[in-house]
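No lab work stands behind these numbers, since they all come straight from the coordinates. Values in this document were obtained by computation on a predicted structure and should not be read as measured data. Note that each Cβ is placed from the backbone with ideal geometry, even for glycine, and that neighbours are counted across all protein chains shown.
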Amino acid sequence: MPYVALWFRAFVFTVLMELLVLQRLFRSTRGSTVRRGLLVVYANLASHPCVWFVFPLLPVSYALQLVFAELWAFASEALFYAVAFEDLAPRRAVWGSLLANVVSLTGGLMLRHTLDWV
């Protein structure tokens, strides 16, 4: 399977996992469920391609690439949520991003190691 197709599969999985977490955590923010969902998709569109197409090019070990990529995803999404959700406390944006990224990373690694999925 082409690398871009693998990325897209992982992207859809990531968005689904993070939507499950963030729709619940951010439910008290103004706006509809659809708006919240679209903001989660946009946050991932901003972070996920770098995780897959930029960080693997770093001349460091896979473990460090993963650490840097996940820090990027967490930090960039937390910043996005803090700005996009005007009535969301920055602390909640940080915790939401952290939890969503832990869930999606853990789920993705589990799929990778048990089913050789991506």
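Given only helices, namely DSSP H runs of n ≥ 4 each adding -39500 (n - 2.57), what is the per-residue ellipticity at 222 nm of the chain, to the nearest 500 deg cm²/dmol? Walk me through the numbers before you get to the answer.
Working: 4 runs with 93 residues, N = 118.
Helix-only estimate at 222 nm: -27500 deg cm²/dmol.
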Inset, instruction - Among Met17, Met1, Met110, rank each residue by its count of other Cβ atoms within 10 Å, from fewest to most, as a rough exposure measure. - result: Met1, Met110, Met17
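Expressed as a rounded percentage, what relative contact order does the chain have, with Cα pairs under 8 Å and six or more residues apart?
On the way: 105 pairs, mean separation 39.0, N = 118.
In percent, rounded to a whole number, it is 33.
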Legend entry - Among (1) 1.04; (2) 1.09; (3) 0.98, the entry that matches Rg/Rh (Cα atoms, Kirkwood Rh) as calculated here: (3)
Legend entry - Helix axis angle, 3-25 relative to the chain longest principal axis, alpha carbon, degrees: 30
Inset, instruction - Could you list the residues of region 90-118 with an amide nitrogen less than 19 Å from a label point located 7 Å from the Cα of Leu66 in the Cα-to-C-beta direction? - result: 98-118
Legend entry - Within a Gaussian network of the chain (alpha carbon springs, distance under 10 Å), most fluctuating of Leu58, Leu66, Leu16: Leu58
